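Asks: One structure coming up, written as structure tokens, with questions to follow.
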Amino acid sequence: MLDEIRAKLEAEIVHLTHELNVDLPQRIKTAMEHGDLRENAEFKAAKERQAFVEARLNHLTSRMTELSKIDVNEMVYDRVGFGSKVKIHDMEMGEDFTFTITAGDFIDLDGGQVSLASPIGQGLLGAEEGEEVRVQLPAGERRYKVLELSTLPQQLEGKG
């Protein structure tokens, strides 16, 4: 999982770095050739995009630094945490959901991934298999039961 996240972040960093160093300077140069910059929408759009790309690159770089600090050997073996594959039962809806707990802002609900920073991720953090937890969602409190749990250390050992 760590390698998959690193690969996605690295791919986005490469793409954005190219855009920042090649595409955007060309767009800015072309826009400047059109004259008055005060009323030049193309110039303003390119400069806004440049600021966004720079901010996103800073964010991605800090995420890569955070990922490099994760030590699987120090992770809890039997409780929900980063990288855990979890099957939960929604006590009110009577439905089961399976997903992987991911880092920070990385989320793909359709792909079965929930961020550790999300309300569900925070509510499940530290829960054991069989445990019931209460999670405060924007729509109100929900109760979940952890049906199955496979932590990242278990997965790396081939036990999950």
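A short reminder: the numbers here are calculations on the coordinates, not readings from a lab. Nothing here was measured: the structure is a model prediction, and the numbers come from that model.
Asks: Please turn the phi angles of region 38-49 into ³J(HN,Hα) values with the Karplus equation 6.51 cos²θ - 1.76 cosθ + 1.60 (θ = phi - 60°), one per residue in order, whole Hz, x for glycine and proline.
Replies: 5, 10, 9, 5, 5, 5, 4, 5, 5, 5, 5, 5
Asks: From the list [x] 36; [y] 13; [z] 41, can you say which value of percent of Cα pairs over 28 Å apart was derived from the structure given?
Replies: The listed entry that was calculated here is [z].
Asks: Over the chain, what relative contact order in percent results from Cα pairs under 8 Å that are six or more residues apart?
Replies: 20 percent
Asks: Note the angle between two axes, namely the Cα long axis of helix 2-18 and the longest principal axis of the Cα atoms of the chain, as a number of degrees from 0 to 90, rounded to the nearest 10.
Replies: 10 degrees
Asks: List the residues, sorted by chain then number, that are 5 or more residues from G83 or on another chain and whose placed amide H is less than 5 Å from its amide H.
Replies: The answer is I101, T102.
Asks: Evaluate Rg over Rh across region 40-107, taking Cα atoms for both radii and Kirkwood's formula for Rh.
Replies: 1.23
Asks: Note down, for region 73-156, the three equivalent ellipsoid semi-axes (square root of 5 times each alpha carbon gyration tensor eigenvalue), biggest first, whole angstrom.
Replies: Largest first, region 73-156 gives 19, 14, 11 Å.
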